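Participant: Right, I'll just put the structure down here and ask away after.
The values are calculated or read from the model by the stated rules, or taken from the named source; none is laboratory data. Note that the structure is a prediction, hence the values are computed from the model and not measured. So basically every Cβ, Gly included, is an ideal-geometry build from the backbone, and we count neighbours across all protein chains shown.
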Amino acid sequence: MSKTEAVSSSWLRRSELVVALGSVCTAILLINYYIKIPGITQLASYLEEWVIVVMDFGLILGFASIAQRNARNMTKRRGEWWLDSVALLVATVTILSNLIGGRNHPIFTFINVNLRGVGTPTMLSMHGFFCISAALRAFKFKSLQITVALGAMMLIMLYNVPLGEVIWPGIAPVAEWLIDYGFSPGSRALLMTTSVGAIFLGFRVLTGMEREAYGIRREKR
Amino acid sequence: MSNKLIVLAEQTPTHELLFGGLFLIAFLALSLYIADQAKKGKVPYIRRLPAFDGIELTIDRCAELGKPVYYDISGLPRGDIGPMVVAALSILSYVARRCFKSKCRLIVAYQSPETSVMAREVLNSAIQEEGDPNSFQDRDLRFTDTNTFLHAAKGMEMVETEDCRGNIAMGQVFLNVLPLSEANKANGCVAIQGSAYMTQIHALGLATDYNFIGEELYAAAAMISRDADTLATLRSQDFAKLFIVALIPCMAIALALGVSL
């Protein structure tokens, strides 16, 4: 038996186990939503606490993945390796300072306020320019549908600024009508169909039909 | 998250819970019936979504040009967003298989660390199925940032520096639609995006070449396998929507007649 076969035959790697785990967890949470059975409620509560633990492990894995990639780039001097080294250094210092002194550690606070706190709004404002440029290109009179969308958008935009009322005092009722009878039904219809889609996706997970997302191959294709 | 779900169930009136439960059971039973019929040969016809043609065209174009395809899994797999990330992973399996078959390089970026393991499994499966072991490099599976704007910035950077010609973004694509479309324009990328998240969905419709909007994202995830039982759930889903559509005028009439609901 080759090494690959040995790994794939391990019961921990069996696709049935992954599907069964997903199905059982979904079934417990679903039953608990509709019927209150003390044992099931307790189990559902445990399961939901485990979600947080699993997510935390996911964070560790995420850091390990990025550290591995950055370290490889640094050792091979590949791409912008010096930026990768700065990212890795900052991440390590942030984690260590938080582990040692908690959220009030001066180094952690410094990084949070002076690096992350400044960097995030900077990126946000940069994106503003990209968004304007992209929106200008997207909202062109290319077809009838886009023209209608553009007209509605202009009306709502003018309604939300004081200038709109100055240009045309009748803008408020028109814009409110559009919001109440155009936007609301449309978005509710979309929301309802999306919810039905999500329910049936849950059903496919529950019954083990949704295998592609777990990376489980089907025998027949 | 746990308490939110429990509180929601406790706050919902019993008759609403009962209606929800019956709705669920009825349509799940219908799914099983249609799946059974499909196994007997009556496979339901499901219309092919145009975005699938877009994905195939994009991958073929990238393979011809020798340029990579960028695949973006947006969103954190928690709460309401979870199903979108699951659908994005399903679509990734389709995109990865097509890419490896066409010998096209694929770069996958994900927003949440939890997605890492699942994405890796999906890619490993696709490699085993279609490609050779060297068709995907570990460095092409990249974590970006949980912050959507930073995730978008990293996506823009990757499209630019790796000279991608196809940009496929699935999941909770909302604030990154327009920044990514800017990168697509600058680089000549074909943009295919899919999201069931309501915010910015209009921008997604306007700024992309092909898209999966709303429920189409979940339907696309189911259509990938082309299995009779999975297609049966899609047909059942259509019946559920028809039922809701029929229910709306009935409820309106009932309300107009003064029936308390």
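Participant: How many residues, within the stretch A:14-38, are closer than 18 Å to residue B:86 by Cα, free of Cβ contacts under 8 Å to residues at least 24 places away in the same chain and surrounded by 16 or more Cβ atoms within 10 Å (Cβ to Cβ)?
Facilitator: 2
Participant: Which residues, counting only those in the stretch B:152-164, are in contact with a strand residue (DSSP E or B) (Cβ under 7 Å, 6 or more places away or on another chain) and either buried (at least 24 other Cβ atoms within 10 Å of the Cβ) or touching a residue at least 60 places away in the same chain (Cβ under 8 Å) (or both)?
Facilitator: B:155, B:158, B:159, B:162, B:164
Participant: Residues that are facing chain A (nearest Cβ under 10 Å) and at pLDDT below 85: which helices (runs of 4 or more DSSP H) entirely in the stretch B:1-72 hold 1 or more of them?
Facilitator: Answer list for the stretch B:1-72: B:2-11, B:14-39.
Participant: Also, I was wondering about something else. Take residue A:207 and tell me if it is under 21 Å from residue B:91 (Cα atoms), at pLDDT 90 or above and facing chain B (nearest Cβ under 10 Å).
Facilitator: For residue A:207, the condition - under 21 Å from residue B:91 (Cα atoms), at pLDDT 90 or above and facing chain B (nearest Cβ under 10 Å) - is not met.
Participant: Could you check the stretch B:97-117 and list, in sequence order, the residues that are at the interface with chain A (Cβ under 7 Å from one of its Cβ atoms) and either surrounded by fewer than 18 Cβ atoms within 10 Å (Cβ to Cβ) or among the hydrophobic types (A, V, I, L, M, F, W, C) (or both)?
Facilitator: B:117, the sole residue that qualifies.
Participant: Here's a follow-up. Is there any pair linking a residue in the stretch A:136-163 that is hydroxyl-bearing (Ser, Thr, Tyr) to one that is not in a loop (DSSP other than H, G, I, E, B), with Cβ under 7 Å and at least six apart or on different chains, and which?
Facilitator: Once the first residue is hydroxyl-bearing (Ser, Thr, Tyr) and sits in the stretch A:136-163, its partners that are not in a loop (DSSP other than H, G, I, E, B) give A:159/A:171; A:159/A:172; A:159/A:175.
Participant: Scan A:87, A:67 and give me the residue that is more than 30 Å from residue B:18 (Cβ to Cβ), in contact with a helix residue (DSSP H, G or I) (Cβ under 7 Å, 6 or more places away or on another chain), touching a residue at least 24 places away in the same chain (Cβ under 8 Å) and within 13 Å of chain B (Cβ to nearest Cβ).
Facilitator: So the residue among A:87, A:67 that is more than 30 Å from residue B:18 (Cβ to Cβ), in contact with a helix residue (DSSP H, G or I) (Cβ under 7 Å, 6 or more places away or on another chain), touching a residue at least 24 places away in the same chain (Cβ under 8 Å) and within 13 Å of chain B (Cβ to nearest Cβ) is A:67.
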